[in-house]
1. I need to check one value: relative contact order of the stretch B:38-138, counting alpha carbon pairs closer than 8 Å and at least 6 residues apart, in percent.
2. Among A:T39, B:T118, which comes first, then next, by fewest other beta-carbon atoms within 10 Å?
3. Can you tell me the dipole magnitude for chain B around its Cα centre, using point charges on the Cβ only (Lys, Arg +1; Asp, Glu -1), in Debye to the nearest 20?
4. Measuring from a point 7 Å out along Cα→Cβ, what nm distances, shortest first, does A:L30 have to its partners in the other copies?
5. Would you calculate a helix-derived [θ] at 222 nm for chain A, using -39,500 (n - 2.57) for each DSSP H run of n ≥ 4 and dividing by the full residue count, to the nearest 500?
6. Kirkwood hydrodynamic radius, the stretch B:73-138, all distinct C-alpha pairs: what's the number in Å?
7. Let me confirm one metric for peptide B:14-26, namely the mean number of other chain beta-carbon atoms within 10 Å of its residues' beta-carbons.
8. Placing a label point 7 Å from Cα toward Cβ, how far apart in nm is B:H66 from its equivalents in the other copies, listed shortest first to one decimal?
Protein chains: 2
Amino acid sequence: MKLEAQWITGFVDGEGCFHVGISRHPEMNLGFQVLPEFTVVQHQRDVQLLHALKAHFQCGVVRVNHGDRMAFRVRGLKNLQERIVPFFVKHPLKSKKRVDFERFRRVLLMMERGDHLTENGLEKIRSIAGEMNRGQPR
Amino acid sequence: MKLEAQWITGFVDGEGCFHVGISRHPEMNLGFQVLPEFTVVQHQRDVQLLHALKAHFQCGVVRVNHGDRMAFRVRGLKNLQERIVPFFVKHPLKSKKRVDFERFRRVLLMMERGDHLTENGLEKIRSIAGEMNRGQPR
């Protein structure tokens, strides 16, 4: 299945999520790991759409999310910076999710500079992450 | 805000709903009213998208759905047949929602012929409606 760029933007405006997780990770210097991820979740009946997204972006995985729901998930700074971000810069989201996307982008830029490895940078990222995904009804 | 056709299809693949309600209505001959409707529900923060859909389709209303959620809703055989159906025939949905759309279309055609005013027709519509929106996770 071939996906048009505007279809992808519309679908992600509805179903996509830009998220920055911060979790304890004893092996990291500061004891925390910053994990940005882009996900689209669908009922398993529409898993072919998730595979089409994966084929389009040429990265990420399609896995069980929970129960009968599947997720297309992209992690990793390189994939996110080189494949996900440029797409949504070129084809901007129309919903308020765009604001989360801009925060997500800021966090990725900070991580590229290694800010997440300093206490100040980590605090800043934590504050940006805290502003994201607040209004998500799901 | 101007919406591209493919964006609309992608967004409706995620957020749209084709529904046929059948409710008791003592003033109708058979005692039941058939109410087909197309809806898109969003958190109120993105109500501007619902207004943009309304402007695009040149029909329907934007109203409170429940709580902080708003709905763009199109009812009425004429609006549905002349404005909604042709759009999704020209720009087909990519998700399994397409199957519901095809059932929805069948019901509209039956209603045009007045089938919903006969007992047999109403039973048939009830059976098609029963097959729709089963898998909706929400």
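No lab work stands behind these numbers, since they all come straight from the coordinates. None of the values given here were measured: they were computed from a predicted structure. Methodologically, a virtual Cβ is constructed for each residue, glycine included, from the backbone with ideal geometry; neighbour enumeration extends over all protein chains shown.
1. The normalised contact order for the stretch B:38-138 reaches 20 percent.
2. Going from least to most buried by this count: B:T118, A:T39.
3. 240
4. List, nearest first: 6.5 nm.
5. Computed mean residue ellipticity for chain A: -12500 deg cm²/dmol.
6. Numbers: mean 1/r = 0.0789 Å⁻¹.
That comes to 12.7 Å for the stretch B:73-138.
7. Other-chain Cβ atoms within 10 Å of each residue's Cβ, averaged: 1.
8. 2.2
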